[in-house]
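The next block holds one structure in the form of structure tokens; read it before the comments.
Read-outs throughout are calculated quantities, based only on the coordinates presented, and are distinct from any laboratory measurement. Predicted model only: the values in this text are computed from it and were never measured. All Cβ positions, glycine included, derive from the backbone under ideal geometry; neighbour counts span all protein chains shown.
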Amino acid sequence: MLNIIIFGPPGAGKGTQSDKLIEKYKLVHLSTGDIFRANIKGATELGMLAKSYMDKGQLVPDEVTIKMLEAEVNKHSNPVGFIFDGFPRTKSQAIALDNFLKQKATSISVVLGLEVEEEELKKRLLLRGKDSGRADDQNPDVIQRRIEVYKNETFPVKEHYAAQQKYSGINGIGTIEQIFNALCIAIDAVK
Ligand code: AMP
């Protein structure tokens, strides 16, 4: 299996690039943010819980997120592989994912980290907020909080996979095509 984590701060371009990668590599796209938003739309219990954290720019608790992610993975029998987008976002999530995949006799193939500096992220998120209507992209305080959460809680995930020689940093500044090409080169190197 080809299991990719697309990693990076909010606004780095993970969703945009995932859409292109799933088409080329025929992978299943699992975005925890998208799944939470679908649950909010459907007014499920999970959605209501997730919303209370997302509106504040905080992470949904690990236990809830890990359980949901594992259930999503289990919905697919015999996939070519997965793109994990927005997950893992904490070291505990990374350890849980590694153990879960191990039970399934597979593992993460590569972690692609989109690297974009903070000022550019803030600009992109505010711009996206205008088009997408995402509440968490429209409030500068919430954006700042999400960037801080990334630095404090999510950045250690990079170290976790760097220690396994699986982290590949990709310049997240450039055209969508340029970034996509750089991602494909990194994927083809591990395929
Ligand atoms: P995203 O669409 O990836 O930007 O995620 C939007 C929001 O959903 C985040 O700010 C978190 O509140 C929540 N979220 C998404 N993925 C996770 C995760 N892996 N762990 C905890 N919270 C998450």
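Things worth noting here:
- Restraint check, Lys158/Lys191; Lys122/Lys151; Lys20/Lys56; Lys20/Lys122, Cα-Cα greater than 18 Å: Lys158/Lys191; Lys20/Lys56; Lys20/Lys122
- GNM flexibility winner over the chain from Ala96, Ala162, Ala105 (Cα, springs under 10 Å): Ala105
- With q set to 0.18 Å⁻¹, the log10 of I(q)/I(0) for segment 100-177, from the Debye formula over equal scatterers at the Cα positions, is -0.90.
- Relative contact order (%) - criterion: Cα under 8 Å, at least six apart; region: the chain: 32 percent
- Length gained when the stretch Thr16-Asn171 is fully extended (0.36 nm per residue, less Cα-Cα span): 54.3 nm
- Our coupling estimate for segment 140-156, obtained by passing each phi through the Karplus curve with A = 6.51, B = -1.76, C = 1.60 and θ = phi - 60°, is x, 5, 5, 4, 4, 4, 5, 5, 5, 4, 4, 5, 7, 9, 8, 3, x Hz, Gly and Pro reported as x.
- Highest mean packing comes first when the peptides 143-153, 13-23 are listed by Cβ atoms within 10 Å, giving 13-23, 143-153.
- Eligible aspartates and glutamates near Lys14 by straight Cα distance, threshold 13 Å, same-chain separation 8 or greater: Asp34, Asp85, Glu115
- Distant-in-sequence amide H partners of Phe7 (H built 1.01 Å from N, under 5 Å): Leu112, Gly113, Leu114
- FRET efficiency, 1/(1 + (r/R0)^6) with R0 25 Å, evaluated for Ala163 and Ser92 via beta carbons: 0.95
- For the chain, calculated [θ]222 nm from helices alone, where every DSSP H run of n ≥ 4 adds -39500 (n - 2.57): -16500 deg cm²/dmol
- For His160, neighbours were defined as the other residues whose beta-carbon sits under 13 Å from its Cβ, and their charges (Lys and Arg +1, Asp and Glu -1) total +1.
- Dividing the mean sequence gap of close Cα pairs (under 8 Å, 6+ apart) by how many residues segment 100-156 holds gives a relative contact order of 20 percent.
- In segment 32-117, the trypsin sites (Lys or Arg not before Pro) that fall in loop regions by DSSP, at most 10 other Cβ within 10 Å: Lys75
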